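Here is the structure we will look at.
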Amino acid sequence: MIGMIDSGVGGLSVLREIHALLPDTSIQYIADTAWCPYGVRSAEEIRDRTSALTELLIKRGAELIVIACNSATLAAIEALRAQFPVPFIGMEPGVKPAAALTKTDTIGVLATELSLKGDKFLHLVSAHARDLRVITQPCPKFVELVEAGTLEGELVESAITEYTHDMMAASADVLILGCSHYPFLRPALETTLPDHIQLIDTGSAIARRAAKLKPQKTTSPSISILTTGSLEKINSLLPKLTPGLPAECQPLFMS
């Protein structure tokens, strides 16, 4: 069984990629909505919280853990790897593929504030985009919009224009979606931004990595979504975010 952790519903963008590639694999996904968003919390808080959630998933049979959140990956994944004996897959902004695609030598990174402050992001830029102009932008409204199930309309278009203004002014031609929530806004981004802008997210790459590390034990395929927040809310969001996904939602009570 594959276990997944995110601060809310954003990681469902990764889950749908994994399910598409591994339809016969069981997945248990924790939407830690009670703690959403992780991107404004301290690294210590995120490490403690994801440790408790990982322990729970392993007790439920997880043999591989996907941290489907860029902020949690940056803050906690190394500590989690040191603490638990199962393999972990994390998220990171797609700086390398973006650097390979840009024709203007300018890329934009839409991400959480915590992700952009982390040393790992600075190392990614140094390794793959040292000679490029990299414009970064925290996008807290994007997470709020997705968690509310608002994927189009005036509020979405206004947030996109606000967050991409400086990037467009600087002639960025590749934008990185550096948070697992943001791919749900991809249709709105593609509609709002000029046609030549290319968008990068890493959900499909995470799915390919999961396929290489997938558990060997066979179980009846199923998808369980456990939420620390409102069960009614996540049941209402699923048809909007992942239509047709054969998932069962359950409450998860955490202290």
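The values are calculated or read from the model by the stated rules, or taken from the named source; none is laboratory data. Everything quoted here is computed from the prediction, not taken from an experiment. We place every Cβ from the backbone using ideal geometry, glycine too, and count neighbours over all the protein chains shown. For accessibility, only protein heavy atoms count, side chains too; no ligands or nucleic acids. Shrake-Rupley method; radii C 1.70, N 1.55, O 1.52, S 1.80 Å.
It is to be established whether one or more residues within region 131-140 are farther than 15 Å from Ile200 by Cα, open to solvent by less than 40 Å² (accessible area, probe 1.4 Å) and within 16 Å of the chain's Cα centre (by Cα).
Yes, region 131-140 contains at least one residue that is farther than 15 Å from Ile200 by Cα, open to solvent by less than 40 Å² (accessible area, probe 1.4 Å) and within 16 Å of the chain's Cα centre (by Cα).
Filter region 146-162 for residues that are in a loop (DSSP other than H, G, I, E, B) and of a type outside the set (D, E, K, R); which is farthest from Leu238 (Cα to Cα)?
Result: Gly153.
Residues that are among the charged types (D, E, K, R) and in contact with a strand residue (DSSP E or B) (Cβ under 8 Å, 6 or more places away or on another chain): find the strands (runs of 3 or more DSSP E) completely inside region 171-255 holding 1 or more of those.
Details: elements: 174-178, 198-200, 223-227, 247-251.
Counting at least 1 such residues, we get 247-251.
Test each condition in (1) under 19 Å from Val109 (Cβ atoms); (2) free of Cβ contacts under 8 Å to residues at least 60 places away in the same chain for Asp173 and report the one that comes out false.
It fails just one condition, (2).
With the requirement that a residue be within 30 Å of Glu55 (Cβ to Cβ) and open to solvent by 60 Å² or more (accessible area, probe 1.4 Å), what does region 117-130 give you?
First, the residues of region 117-130 that are within 30 Å of Glu55 (Cβ to Cβ): 117-121, 123-124.
Of everything in region 117-130, those that are within 30 Å of Glu55 (Cβ to Cβ) and open to solvent by 60 Å² or more (accessible area, probe 1.4 Å) turn out to be Lys117, Asp119, Lys120, His123.
Run down Leu114, Leu80 and say which single residue is closer than 18 Å to Gln28 by Cβ, open to solvent by less than 60 Å² (accessible area, probe 1.4 Å) and either part of a helix (DSSP H, G or I) or in contact with a Pro (Cβ under 6 Å, 6 or more places away or on another chain) (or both).
On the way: Leu114 fails: closer than 18 Å to Gln28 by Cβ.
Exactly one residue qualifies, and that residue is Leu80.
Quick grid of which residues meet (1) outside any loop (DSSP other than H, G, I, E, B); (2) open to solvent by less than 10 Å² (accessible area, probe 1.4 Å); (3) touching a Gly at 6+ places or on another chain (Cβ under 9 Å); (4) without any contact (Cβ under 8 Å) to a residue 24 or more places away in the chain:
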| residue | (1), (2), (3), (4) |
| --- | --- |
| Ala34 | yes, no, yes, no |
| Glu45 | yes, no, no, yes |
| Thr50 | yes, yes, no, no |
| Thr54 | yes, yes, yes, no |
| Pro85 | no, no, no, yes |
| Lys96 | yes, no, no, no |
| Thr104 | no, no, no, no |
| Ile107 | yes, yes, no, no |
| Leu110 | yes, yes, yes, no |
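Phe142 fails exactly one of the following numbered conditions: (1) free of Cβ contacts under 8 Å to residues at least 60 places away in the same chain; (2) in a loop (DSSP other than H, G, I, E, B). What is the number of that condition?
Failed condition: (2).
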